Amino acid sequence: MKIQLQAPRDEGAAWHKALVAALPAATIAAWPDTLPEPDYALVWKPPPELFVRVRPARAIFNLGAGVEVLLAMPSLPAGIPIVRLEDAGMAVQMAEYVTLAVLSAYRETAAYAAQQREGRWQPRPRIAKTEFGVGILGFGVLGQAVAAALERFDFPLSAWSTTRKDVSGVRSFAGQAELFAFLASARVLVCFLPSTRETRDLLDRATLSRLPRGAWLVNVARGPIVVDEDLIALLDEGHLAGATLDVFREEPLPPGHPFWHHPRITLTPHTSAVTQVEDSIAQVVSKIRRLERGEPVTGVVDRARGY
Ligand code: NDP
């Protein structure tokens, strides 16, 4: 079996080592070395020339959950499956990140920090849980894992997706027709949507202003889903209480971008969930084995839908 590897960031050696250990009999080329016609390619944000030089025959594995960069490549081979990572160690990290953001909003940590700076002892009235719904925008692998982590805190949970879901303890909304009703239920809106034609600019003034007054936004999905100026305007007007942002239209976030110093924004440099080498290789290799046996695999991307 021949495999082309082009690994994320500067971790090439670790990915190569893990892949060799998992498939010792395979012939593996690590980019910029190439195998012109491998059975499989494992890639993350590949350079444009990769698929000019490498034409995989059986499948392309995306070494991340989001596939928008891959699908936008003109040289992407047609006619073979693209398989993305599903969880692979990211769900627990997302659960940590989102739980921290939701609890920080609910327990008003920013307000208490301000009171401490002022030397002011002032208990704040407890917010009723019934008024603190958490809405998960995009209810796939990661969104569902985060809902499971939040369930124990008794926040009313709702979720929005293309197709309706039957998940215990979560009110499911589906499709454009139910978006505004979903937004009205969310005091904290957590975005887990993929970046597609349909989701680009989805969170603008028209949609964000459908959230209840005093709502919070947590974006751990992709930057282009949010219209930056509209978010800032709604924070400044007081309609939104705050935002926790991990992803941005341009990354790294440019110096001077208003998000950097906005008093109601907490931001992190795209670290909410980091790809785990061992978990990812184990998942990819188990799917390669299934494909070799002629069995179906999950996580196959629908190219037309864009995720
Ligand atoms: P999934 O494909 O499992 O879930 C995507 C969800 O979004 C599905 O529930 C899907 O609905 C829903 N959806 C997609 N398009 C629409 C639409 N137009 N309207 C309504 N619902 C829609 O993906 P994951 O949960 O694995 O990952 C989600 C995203 O998180 C990734 O695409 C990636 O961009 C981002 N991510 C960010 C990371 C980070 O470090 N910040 C790390 C990992 C992922 P349905 O179920 O009906 O198809």
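Is there a residue being in contact (Cβ under 8 Å) with a residue 12 or more places away in the chain and within 10 Å of the ligand (Cβ to nearest atom) anywhere in the stretch 149-156?
As a first pass, look at the stretch 149-156 and keep what is in contact (Cβ under 8 Å) with a residue 12 or more places away in the chain: 149-151, 153-156.
From what is left, the residues that are within 10 Å of the ligand (Cβ to nearest atom) are none.
So far as the stretch 149-156 goes, no, none of its residues is in contact (Cβ under 8 Å) with a residue 12 or more places away in the chain and within 10 Å of the ligand (Cβ to nearest atom).
Among 42, 63, which is in contact (Cβ under 8 Å) with a residue 40 or more places away in the chain, more than 16 Å from the ligand (Cβ to nearest atom) and not β-branched (Val, Ile, Thr)?
Exactly one of 42, 63 is in contact (Cβ under 8 Å) with a residue 40 or more places away in the chain, more than 16 Å from the ligand (Cβ to nearest atom) and not β-branched (Val, Ile, Thr), namely 42.
Determine which single condition residue 255 fails, assuming it passes every other condition in (1) under 23 Å from residue 65 (Cα atoms); (2) open to solvent by 50 Å² or more (accessible area, probe 1.4 Å).
Residue 255 satisfies all of (1) under 23 Å from residue 65 (Cα atoms); (2) open to solvent by 50 Å² or more (accessible area, probe 1.4 Å) except (1).
Can you confirm whether the stretch 238-247 contains a residue that is free of Cβ contacts under 8 Å to residues at least 12 places away in the same chain and either among the aromatic types (Phe, Trp, Tyr) or over 20 Å from residue 136 (Cα atoms) (or both)?
no
Within the stretch 274-298, track down each residue that is under 15 Å from residue 44 (Cβ atoms) and open to solvent by less than 20 Å² (accessible area, probe 1.4 Å). Steps first, please.
Narrowing the stretch 274-298 to residues under 15 Å from residue 44 (Cβ atoms): 274-277, 279-281, 283-284.
Across the stretch 274-298, the qualifying residues are 280, 281, 284.
Which ones in the stretch 248-283 are touching a strand residue (DSSP E or B) at 6+ places or on another chain (Cβ under 6 Å) and either assigned to a loop (DSSP other than H, G, I, E, B) or more than 15 Å from the ligand (Cβ to nearest atom) (or both)?
Scanning the stretch 248-283 gives 259, 264, 265.
Looking only at residues that are more than 7 Å from the ligand (Cβ to nearest atom) and assigned to a loop (DSSP other than H, G, I, E, B) in the stretch 176-201, which one is least open to solvent (accessible area, probe 1.4 Å)?
Ranking the qualifying residues of the stretch 176-201, first place goes to 186.
Out of 170, 141, which single residue is within 27 Å of residue 88 (Cβ to Cβ), under 17 Å from the mean Cα position of the chain (by Cα) and either among the hydrophobic types (A, V, I, L, M, F, W, C) or within 11 Å of the ligand (Cβ to nearest atom) (or both)?
141
Which condition does residue 123 not pass, out of (1) buried (at least 17 other Cβ atoms within 10 Å of the Cβ); (2) more than 19 Å from residue 144 (Cα to Cα); (3) out of contact with any Phe, Trp or Tyr (no Cβ under 8 Å at 6 or more places or on another chain), if it passes all the others?
Every condition holds for residue 123 apart from (1).
Restrict the check to the stretch 70-77 and report whether at least one residue is open to solvent by 10 Å² or more (accessible area, probe 1.4 Å), touching a residue at least 24 places away in the same chain (Cβ under 8 Å) and within 12 Å of the ligand (Cβ to nearest atom).
Checked against the condition, which is being open to solvent by 10 Å² or more (accessible area, probe 1.4 Å), touching a residue at least 24 places away in the same chain (Cβ under 8 Å) and within 12 Å of the ligand (Cβ to nearest atom), the stretch 70-77 yields at least one hit.
Among the residues of the stretch 82-114, how many are open to solvent by 50 Å² or more (accessible area, probe 1.4 Å), assigned to a loop (DSSP other than H, G, I, E, B) and within 16 Å of the ligand (Cβ to nearest atom)?
So the answer is 2.
Among 135, 119, which is closer than 24 Å to residue 209 by Cα, outside any helix (DSSP H, G or I) and small (Gly, Ala, Ser)?
So the residue among 135, 119 that is closer than 24 Å to residue 209 by Cα, outside any helix (DSSP H, G or I) and small (Gly, Ala, Ser) is 135.
The values are calculated or read from the model by the stated rules, or taken from the named source; none is laboratory data. Model, not experiment: these values are computed from the prediction. Counting neighbours? That spans all protein chains shown, and the Cβs are built from the backbone with ideal geometry, glycine included. Heads up: the accessible areas ignore ligands, DNA and RNA and are worked out on the full protein's heavy atoms, side chains in. Shrake-Rupley method; radii C 1.70, N 1.55, O 1.52, S 1.80 Å.
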